[in-house]
1. Grab the strands (runs of 3 or more DSSP E) fully contained in region 53-115, keeping just those with 1 or more residues being free of Cβ contacts under 8 Å to residues at least 60 places away in the same chain and within 29 Å of residue 40 (Cα to Cα).
2. Select from region 180-190 the residues that are in a helix (DSSP H, G or I) and closer than 16 Å to residue 206 by Cα and list them in ascending order.
3. Among the residues of region 51-87, which ones are surrounded by fewer than 15 Cβ atoms within 10 Å (Cβ to Cβ), within 18 Å of residue 100 (Cβ to Cβ) and charged (D, E, K, R)?
4. Residues being farther than 15 Å from residue 40 by Cβ, surrounded by 16 or more Cβ atoms within 10 Å (Cβ to Cβ) and of a type in the set (Gly, Ala, Ser): count how many of those fall in region 175-205.
5. Would you confirm, using the coordinates I've provided, whether residue 116 is assigned by TED's automatic domain parsing to the domain that holds residue 136, on the phi < 0 side of the Ramachandran plot and at pLDDT below 95?
6. Filter region 78-96 for residues that are basic (Lys, Arg) and touching an Asp or Glu at 6+ places or on another chain (Cβ under 7 Å) and give the result.
7. Among what's in region 260-308 and is within 19 Å of residue 245 (Cα to Cα) and without any contact (Cβ under 8 Å) to a residue 12 or more places away in the chain, pick the residue that is surrounded by the most Cβ atoms within 10 Å (Cβ to Cβ).
8. For region 85-114, name all the residues that are of a type outside the set (Val, Ile, Thr) and farther than 24 Å from residue 55 by Cα.
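The values are calculated or read from the model by the stated rules, or taken from the named source; none is laboratory data. Every value quoted in this text rests on a predicted model; they were computed, and no experiment measured them. Positions of Cβ are backbone-derived with ideal geometry, glycine not excepted, and every protein chain shown enters the neighbour counts.
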Amino acid sequence: MGLLDDLSKAPKPEPKAEERPAPGHYGVKLELPEEKVTLNAGQSKEYEVKVTNTGTEDDTVQLRFDLVYGSELPEPPEWIVKVWGVEEKVWDVTYSKVTEKEFMLISEGVREITLSITCPKGARFGDRLNVVVNAISKADPTAFDAKTLSFTARQAVIAVKSSIGHERAVADAIYARAKGKDLGVFSVLVPANLRGYVLVESMNPDRLEEVVRGIRRARGVVKGEGESRGIAFSDIDLYLTPKPIVSGIMEGDIVELVAGPFKGEKARVMKIDETKEEITVELFEAMVRIPVTVRGDHVRVLQKEEER
């Protein structure tokens with residue numbers, strides 16, 4: 001028997017089973033910072049949201065918004081929730097009452113959307129809204145991600161223009177009318193160092209604007225950004241909390257006394273008392289250098305310590 005005969009009789013290896021790729025997996029990721037914020041009545045805030053298909057297969061993603069209200073009223077004013085980027089037109093979640101939509105995402109694909117939240121102008125102080133953003137894989141509902149945004153309504157600070165010198169009269173008229181109506185007015189302020197304006201804390205900017213139209217010497221309401229009538233607290237902080245008289249004065253500064261028995265004298269600042277708004281100085285031309293304490297508004301800075 002030849003060698004080739006033995007090989008021809010040897011058993012042939014069985015063909016390998018066809019290798020199939022491992023089944024794909026599904027995943028969804030939301031990029032949205034979770035936070036708790038306060039909004040003035042009528043104020044809006046926008047968020048950039050990214051929805052990513054982290055799976056290995058193309059998928060249909062369901063985007064859903066759960067709106068959870070917290071208010072003392074049985075039927076509180078509705079917060080306005082709008083979304084751009086899911087479809088060609090704006091998705092008005094609040095008024096369309098549609099809280100979920102679907103869109104296709106390829107594997108590792110990203111959809112960028114913009115979410116806008118507006119506090120209603122008729123909200124009560126302390127009204128709350130939790131917005132839960134859900135992204136869910138339609139192929140595998142167990143693959144999902146969720147983020148929560150929490151909002152609380154606060155009063156808007158509204159600036160009302162008035163004729164200079166008539167701020168107090170306009171403020172009194174606003175207070176009298178607001179007292180007789182439910183305008184949600186917390187306070188009416190007339191800062192001494194802000195001429196031509198009256199500041200009003202209110203939860204109803206629109207209704208307040210109607211009241212102002214009929215007040216003599218009132219020149220209208222200053223409009224805020226977008227649809228909001230409110231202005232930022234940071235813009236009026238310096239009027240609500242005036243800086244101390246001694247602000248800007250430092251030990252070692254050279255000053256001139258502009259009032260009091262030593263008017264016209266030059267001196268060096270030795271000590272500053274911000275609580276009493278007083279400074280202690282040492283007169284240059286006095287026979288005996290005795291510390292003298294004067295009011296902070298009785299001196300004028302001639303030269304700063306760091307300039308010498």
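1. Details: elements: 59-70, 80-84, 100-105.
The qualifying strands (runs of 3 or more DSSP E) are 80-84, 100-105.
2. Going through region 180-190, the residues in a helix (DSSP H, G or I) turn out to be 180.
Listed by number, the list is empty, since nothing qualifies.
3. 66, 87
4. Summing the residues that are farther than 15 Å from residue 40 by Cβ, surrounded by 16 or more Cβ atoms within 10 Å (Cβ to Cβ) and of a type in the set (Gly, Ala, Ser) in region 175-205 gives 1.
5. Values: assigned by TED's automatic domain parsing to the domain that holds residue 136: yes; on the phi < 0 side of the Ramachandran plot: yes; at pLDDT below 95: no.
Spelling it out, it is not the case that residue 116 is assigned by TED's automatic domain parsing to the domain that holds residue 136, on the phi < 0 side of the Ramachandran plot and at pLDDT below 95.
6. The answer is 82, and nothing else.
7. Result: 276.
8. Passing the criteria: 88, 89, 91, 92, 95, 96, 97.
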